[in-house]
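Have a look at the structure below before the remarks.
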Amino acid sequence: MTEIAFHFNAPDKLAYVCRFARKALRHGARLVILGDAATLSQLSARLWSVSATDFLAHATAADGAQMLAASPIVLAERLQELPHHDVLVNLTAQVPEDFERFARVVEIVSSGDEMDRQEARTRWRDYAARGFSIVRHDLNLKG
């Protein structure tokens, strides 16, 4: 069964996604990050400049099937024709259709955006109603 995890209280959601992606890649995971075009464009720029000496290679559907298959991180607006199904990071307001294909789903929730928090509560209830157990990570407690 797919593992669902909510990471709450991210002060900068996209910066947290970059840190999460770097850590996941170090552990051998491959990621699909789902979001709208504007969010994915902002995230792409951040992934290319995680630090002065570090970047996280990634691809989008526009890069073609060969590039997608080689990329450890795929930025996607929908979950169709993806090369891998390890970890899904959901940056949308809804529970994605067919999320069950992934081994893990990670939901990132902002600390200061009440709308984002409300949408996360709705997704939490949706996952729970489908019978999924949910792991909660409060980023405020991580120091």
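Looking for something hydroxyl-bearing (Ser, Thr, Tyr), closer than 24 Å to Glu119 by Cα and under 12 Å from the mean Cα position of the chain (by Cα) - is there at least one such residue anywhere in the range 42-58? Within the range 42-58, none of the residues are hydroxyl-bearing (Ser, Thr, Tyr), closer than 24 Å to Glu119 by Cα and under 12 Å from the mean Cα position of the chain (by Cα). Condition check: touching a residue at least 24 places away in the same chain (Cβ under 8 Å), closer than 11 Å to Thr2 by Cβ and either in contact with a Phe, Trp or Tyr (Cβ under 8 Å, 6 or more places away or on another chain) or of a type in the set (S, T, N, Q) (or both). Does Val89 satisfy that? It is false that Val89 is touching a residue at least 24 places away in the same chain (Cβ under 8 Å), closer than 11 Å to Thr2 by Cβ and either in contact with a Phe, Trp or Tyr (Cβ under 8 Å, 6 or more places away or on another chain) or of a type in the set (S, T, N, Q) (or both).
Scanning the range 1-42 for residues that are touching a Phe, Trp or Tyr at 6+ places or on another chain (Cβ under 9 Å) and of a type in the set (Val, Ile, Thr) returns Thr2, Ile4, Val32. When you scan the range 54-66, do you find a residue that is assigned to a helix (DSSP H, G or I) and either crowded, with 19+ Cβ neighbours inside 10 Å or in contact (Cβ under 8 Å) with a residue 40 or more places away in the chain (or both), even just one? No, the range 54-66 contains no residue that is assigned to a helix (DSSP H, G or I) and either crowded, with 19+ Cβ neighbours inside 10 Å or in contact (Cβ under 8 Å) with a residue 40 or more places away in the chain (or both). When the range 92-125 is limited to residues that are under 12 Å from the mean Cα position of the chain (by Cα) and not in a loop (DSSP other than H, G, I, E, B), the one that is surrounded by the most Cβ atoms within 10 Å (Cβ to Cβ) turns out to be Val105. Does any residue of the range 30-45 turn out to be within 29 Å of Arg130 (Cβ to Cβ), buried (at least 19 other Cβ atoms within 10 Å of the Cβ) and of a type in the set (Gly, Ala, Ser)? The answer is yes; a qualifying residue exists.
Of everything in the range 69-91 that is among the aliphatic types (A, V, I, L, M) and in a loop (DSSP other than H, G, I, E, B), the residue that is surrounded by the fewest Cβ atoms within 10 Å (Cβ to Cβ) is Leu79. Given the structure, is Thr39 under 22 Å from Leu139 (Cβ atoms) and part of a helix (DSSP H, G or I)? Yes.
Only a single item in (1) in contact with a strand residue (DSSP E or B) (Cβ under 6 Å, 6 or more places away or on another chain); (2) within 29 Å of Leu141 (Cβ to Cβ); (3) at pLDDT below 95 is not met by Leu82, and it is number (2). Taking the criterion of being at pLDDT 95 or above, among the hydrophobic types (A, V, I, L, M, F, W, C) and assigned to a helix (DSSP H, G or I), the residues of the range 126-142 that qualify are Ala128, Ala129.
One residue alone among Ala24, Ala15 is aliphatic (A, V, I, L, M), assigned to a helix (DSSP H, G or I), touching a residue at least 60 places away in the same chain (Cβ under 8 Å) and surrounded by 11 or more Cβ atoms within 10 Å (Cβ to Cβ), and that residue is Ala24.
Checked against (1) within 18 Å of Leu139 (Cβ to Cβ); (2) modelled with pLDDT of 95 or more; (3) surrounded by 16 or more Cβ atoms within 10 Å (Cβ to Cβ), Ala5 passes all but condition (3).
Of all residues in the range 24-42, exactly one satisfies the criterion of being of a type in the set (D, E, K, R) and modelled with pLDDT under 95, namely Arg26.
The values are calculated or read from the model by the stated rules, or taken from the named source; none is laboratory data. The structure displayed is predicted, hence computed values, not measured ones. Cβ atoms come from the backbone with ideal geometry, glycine included; neighbour counts cover every protein chain shown.
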